[in-house]
1. Between Asn151 and Asn95, what FRET efficiency comes out of the Förster formula 1/(1 + (r/R0)^6) with R0 = 45 Å and r the beta carbon distance, rounded to 0.05?
2. Kirkwood hydrodynamic radius of region 106-160 from all distinct Cα pairs, in Å?
3. Summing Lys, Arg as +1 and Asp, Glu as -1, what charge do residues with Cβ under 10 Å from the Cβ of Lys2 carry, Lys2 excluded?
4. Taking the Cα-to-Cβ direction at Arg35 and at Ser23 and moving 7 Å from each Cα, how far apart do the two end points lie in nm?
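None of the figures in this text is laboratory data; all of them are computed from the coordinates on show. The structure presented is a predicted model; accordingly, all values stated were derived computationally and were not measured. In this analysis, Cβ positions are derived from the backbone assuming ideal geometry, glycine residues included, and neighbour counts consider all displayed protein chains.
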Amino acid sequence: MKDVKTMTTRELIDEYNTLTGKSTQRFSTRKAAERQVENARLQPKAKTGKVTEIPVHVPPSKIPAAAVTAKPKRVRKVKEVVTLNRNESIRESWNDKATAASRSKKDRVSVDNEEYRSVGEAFRQLHLPIGQAIRFRLTLKSEGRKPFEFNGKTYNFAIVEKTA
């Protein structure tokens, strides 16, 4: 192996890309290029081959060491499998009628005796921080009534029960 101090910049880039499998076109400085090539030389070469897909239900103790020490591309592939399985689970949960009904239920809210069609709508109309609306709605739905304080003023939220 040639010494990094005597290599041209093009040679440094080519060797770095060969060692890491990346397609870097340039480094910020020559010193950075030399340092990264040295680090790449010290790393064990990754084995090329089939991407390891690990099912979601596999406990961490059962995951093969090769999959854990894989290149980032392999890790991303594993995340895609997890996302796909999670999406399928959510889609299937909508088939349960009770779950679908509870998710589809729209609750009106009352804020200081004024009614709004949703918590989000109340936050927009009252110029409250909309970024806190979803988290607040979750606690309001579980408790039924909840005060919200903003800029020293208290807003008393309550779920409005539908009358038949």
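1. Using R0 = 45 Å, I get an efficiency of 0.50.
2. Across region 106-160, the inverse of the average 1/r is 10.8 Å.
3. Computed value for this residue: -2.
4. About 2.7 nm separates the two model spin labels.
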